[in-house]
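First the structure, in the form of structure tokens, and then the observations on it.
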Amino acid sequence: MDAAFGEALIRLLPNLRRYALYLARRSDLADDLVQTTVERAIRASASYDPACRLEPWLFRITRNAFIDTVRRQRTQGIEVDVFDIPEALPDHGDRALEARLMLRATQAAMKDLPPEQAEILHLICVEELSYAEAAEVLGIPKGTVMSRLSRARLALAERLGIR
């Protein structure tokens, strides 16, 4: 692993954690996913093509690690953390309250979307990947990304009552 690769990896840690949190829905599991991603990325750094963006490559590793975790959990059964509580958000007036309510409504509406649509929305709208990069992360054609994103946006707007 060269220094430039390591620096780029460190710079992308917040993005990896945000995507891992989206996938895992729990901060402790997201942290484990990021750690697994970094370990796998360092081990496979020789196979990374520097001509490509590092972020989609890392997101693909994160997604594969998450899939591995889900498969493992199926044989282990369901784990419940009794200390899971919603994080308290600071109060900054009516506009902040409106924004929090809209964010909560959007998060709830995204949970109701089919997983493939919710994941596309997250990769494109939150992580700001291009269609081609999202297609690479998910291992699907770019046209499929575009059609899923279109259906996801329409479904989300309908669920939020803004369509």
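The values are calculated or read from the model by the stated rules, or taken from the named source; none is laboratory data. Only a predicted model underlies this, so the values are computations on that prediction, with no experimental measurement involved. No Cβ is skipped: glycine too gets one built from the backbone with ideal geometry, and neighbour counts run over all protein chains shown.
From the residues in the stretch 1-41 that are in contact with a helix residue (DSSP H, G or I) (Cβ under 7 Å, 6 or more places away or on another chain) and without any contact (Cβ under 8 Å) to a residue 12 or more places away in the chain, which one is nearest to Leu58 (Cα to Cα)?
If we take residues in the stretch 1-41 being in contact with a helix residue (DSSP H, G or I) (Cβ under 7 Å, 6 or more places away or on another chain) and without any contact (Cβ under 8 Å) to a residue 12 or more places away in the chain, then Leu21 is nearest to Leu58 (Cα to Cα).
Of everything in the stretch 122-147, what is at pLDDT 90 or above, of a type in the set (A, V, I, L, M) and in a helix (DSSP H, G or I)? Give them in sequence order.
Leu123, Ile124, Ala132, Ala134, Ala135, Val137, Leu138, Val145, Met146
Select from the stretch 148-163 the residues that are assigned to a helix (DSSP H, G or I) and of a type in the set (D, E, K, R) and write down the one among them that is surrounded by the fewest Cβ atoms within 10 Å (Cβ to Cβ).
Taking the candidates together, the pick is Glu158.
Among the residues of the stretch 71-104 satisfying the criterion of being surrounded by 11 or more Cβ atoms within 10 Å (Cβ to Cβ) and not charged (D, E, K, R), which is modelled with the lowest pLDDT?
Only one residue fits best here, namely Leu89.
Determine whether Leu101 is assigned by TED's automatic domain parsing to the domain that holds Leu156, in a helix (DSSP H, G or I) and either under 20 Å from Asn15 (Cβ atoms) or touching a residue at least 24 places away in the same chain (Cβ under 8 Å) (or both).
The answer is no for Leu101.
Quick one: count up the residues across the stretch 1-49 that are more than 28 Å from Thr106 (Cα to Cα) and of a type in the set (Asp, Glu).
The qualifying residues number 4.
With respect to Ser150, is the statement that it is farther than 17 Å from Pro56 by Cα and modelled with pLDDT of 75 or more true?
Here the answer is yes, as Ser150 does meet what is asked.
Looking at (1) farther than 19 Å from Ala118 by Cα; (2) in contact (Cβ under 8 Å) with a residue 60 or more places away in the chain, which is the only condition Arg60 fails?
Arg60 satisfies all of (1) farther than 19 Å from Ala118 by Cα; (2) in contact (Cβ under 8 Å) with a residue 60 or more places away in the chain except (1).
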